[in-house]
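**Student:** Below are the structure tokens for one structure; questions will follow.
The values are calculated or read from the model by the stated rules, or taken from the named source; none is laboratory data. These numbers come from a predicted model, not from an experiment. Cβ coordinates were reconstructed from backbone atoms using ideal geometry, including for glycine residues, and neighbour counts include every protein chain displayed.
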Amino acid sequence: MFWKFKPSVDFSGGSVWELNLPSQPDRPKIDQVFTSQNIKLSSFSQNQTVYLLKFENITSDQKVSLQQQLQKLDPDLKEQRFETLGPLLGRELLKKTIYAIVLASLFLLVFIGTRFHDFTFGLSAILAMLHDALILVGSFSILGRFFNAEVDSLFVTALLTTLSASVHDTVVTFDRIRELKRQLSKLNWVELANAAITETIVRSLNNSMTIIFMLTSLVVLGGATTRWFAVALLIGVICGTYSSFAVAIPLVLFWKRKK
Amino acid sequence: MANLSTQTRNIFWTIVGFVFIAVIINLPETIPVKIHFQKINWEHTFYRPNLNFKLGPLNFSQKYDLKYGLDLAGGASLLFEVDTSKVPADSISSATESLKTNIERRVNLFGISEANVQLSRENERYRLIVELPGITQLDQAVSLIGKTAQLTFRGETEIAPEATASATFADVFSEDTGINGSHLVISQVQINPNTGKPEVGLEFNQEGSQLFAAATKKFLNKRIGIFLDDMPISIPFVETEIPDGRAVINGSFDLPSAKALSAQINAGALPLPIRLVQQTYIGPTLGKDAIDKGVKAGLVGLFLVCLFMIANYGKLGLIADVSLLIYGLTTLTLYRLIPVTLTFSGVVGFILSVGMAVDSNILIFERLREEIRRGRGWNNAMELGFGRAWDAIKDANACTIITGFILFNPFNWSFLNSSGMVRGFAVTLILGIVVSVFTGVVVTRNLLRVFAREKLTVLATPKHP
């Protein structure tokens, strides 16, 4: 089941306008202003005096006329935020993001492969990482459908951070395997893996708890603008942790067994 | 502290000294202290001590404020696409450079400190990024900056006397001299040394000078109209031929009107047309609101983390908390000293890195527990714990740094992101990791060695069998 993303202005192009209108004019009046200027209002949300309007990409002349009309509705209008973006730029952002992910994956693959003298480790780490990314992306698809969560450039940052956090955690677990192998080389891979997981799981969980505390605090107390960013990071970090032993290790064992 | 090695002792006192300086740098300018407790009424305002001194070639001055990016301080960011299609390929780079200079001049008219104009290139597409922190009249700025006014110089032609009454400017000044904005290098206000009156100077480039020489010859004793988008802004008489491309317009100017004319002439000299493709405006209150919320969230999160550490690791947790606080302090100090421009995502990056900073400590502590469980003595366990944990710390953090670098895009590779927001996050993340490795390893280790030498049997009992 694939719900589509809710791409924000950053990707699809368009405008976002956050206004403070103390007299709280009702929606039909705002709609009228936009239709009179021939601009389609694609989304409208109101929280008491704060209005969040989304519409297509406009020129600055159009904006000036819109603002004049709206000011007639409420002379105490205050502009909090305005962004407008052409669609070309949005596509660029997407492209650049994908490049970043690919590049990061390559570098990490090489780095981990070299440090652990075993490319299956590198491969498993990357796959675990991409798995986390997929879950994050998928969950935002769902969140977008139900909660209007948006995919913007901050989300992209969250995505990339998730990748690095996931790898971070996976590497620590791998490190334990590496060390155990040095000490107890008689054990086969499965036993090694078991031992490693048992020893590191406590630390892993503790680690994530601290990050989760900080992020939860940000989700709850931080402003609305960072909320989805923090949620994305939260999902990413939780995934990153469990993927280290639930995904990366089984993958390594899978490769090893094929030999 | 008797049986500590000299090295450990030195490091300890260095850390203490460093923290002291850091606290001073981070203090707000004035610290009002009010104590109203029963009968004691005491009010005094402390001022931050002056830290102005020279240390060899280094200069320390007191102004270390946090720099806020556009989205926190409020302001506008404009992105223009530059149309280079009408210019031959080899003169594109000089044209874009003069475009940048021209826009900078326009921006300076608004007197915004820290305004920033940048050129960027994406394969064949050239872009102009204009940042105006703190501006409140966005639309005014956009209309001035974005206007591709066409500057033309047109000569006066003869008109039959009957038609003079109904003649428009276009009729009178119908001879195009061929000189336009791209020929103008700069227009500046000068004070005539003889009369002491302000004049508007014009300087043309080589091609422009030749055209101007021809024009002044042709229209000698007549007028040349200077038009901005078909609106005349000045119609001076040609008094002499001007072969060298440097001219002055003099007349009854006072300084403000001379400046205005000069600005207008400069404004018209855009060598390349530009088109606004993106604008972002953040009102000032929004930014402050975001900062407040971020700080609150950070403090609460920090508090929870500290509690967690103490609950889990007892007294050692306390040491980790101190180490964490030192981490926060160090990072903030570095933000002020480097300086790092904080954006929204940068603040989030910082909050995240605080959570990660504890990471190294946890790695060390867990190792410590293990070694003790294996029966080693305390001090031995401590040293072994450090050694073993360091491997994991090293590799794991290196991976995060790699990702951080790619986000930061230091070489400005065009296929990677170079937006301020993503970069702001990358900077705080990378900085956070580097500092956290330092505090997690060096500081924690040192503090442990100084304060935790005795056997703390509380910790020796494993909590998670």
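**Student:** Determine whether segment B:356-363 contains at least one residue that is over 22 Å from A:SER204 (Cα atoms), within 10 Å of chain A (Cβ to nearest Cβ), over 24 Å from the mean Cα position of the chain (by Cα) and of a type outside the set (Ser, Thr, Tyr).
**Tutor:** no
**Student:** To continue, here is another question. Based on this model, can you work out whether A:PHE140 counts as more than 14 Å from chain B (Cβ to nearest Cβ), at pLDDT 70 or above and under 30 Å from A:VAL16 (Cα atoms)?
**Tutor:** It is true that A:PHE140 is more than 14 Å from chain B (Cβ to nearest Cβ), at pLDDT 70 or above and under 30 Å from A:VAL16 (Cα atoms).
**Student:** Kindly evaluate B:ILE242 against the criterion of being in contact with a helix residue (DSSP H, G or I) (Cβ under 6 Å, 6 or more places away or on another chain) and either hydroxyl-bearing (Ser, Thr, Tyr) or part of a helix (DSSP H, G or I) (or both).
**Tutor:** No.
**Student:** Further question: So in segment B:298-347, with the set limited to residues that are of a type in the set (Phe, Trp, Tyr) and free of Cβ contacts under 8 Å to residues at least 40 places away in the same chain, which one is farthest from B:ARG369 (Cα to Cα)?
**Tutor:** In this case the residue turns out to be B:PHE303.
**Student:** For segment B:342-395, enumerate the residues that are within 30 Å of B:PRO133 (Cβ to Cβ) and not in a helix (DSSP H, G or I).
**Tutor:** B:LEU342, B:THR343
**Student:** Out of A:LEU134, A:LEU160, report the one residue that is at pLDDT 75 or above, within 18 Å of the chain's Cα centre (by Cα), part of a helix (DSSP H, G or I) and not assigned by TED's automatic domain parsing to the domain that holds A:ASP61.
**Tutor:** After ruling out the rest, the residue left standing is A:LEU134.
**Student:** Turning to a different aspect of this structure: Looking at (1) under 20 Å from A:ASN206 (Cβ atoms); (2) facing chain A (nearest Cβ under 8 Å); (3) of a type in the set (A, V, I, L, M, F, W, C), which is the only condition B:ILE282 fails?
**Tutor:** In the conditions (1) under 20 Å from A:ASN206 (Cβ atoms); (2) facing chain A (nearest Cβ under 8 Å); (3) of a type in the set (A, V, I, L, M, F, W, C), B:ILE282 misses (1) alone.
**Student:** Given (1) modelled with pLDDT of 85 or more; (2) part of a loop (DSSP other than H, G, I, E, B), identify the lone condition not met by A:ASP76.
**Tutor:** With respect to (1) modelled with pLDDT of 85 or more; (2) part of a loop (DSSP other than H, G, I, E, B), A:ASP76 is out only on (1).
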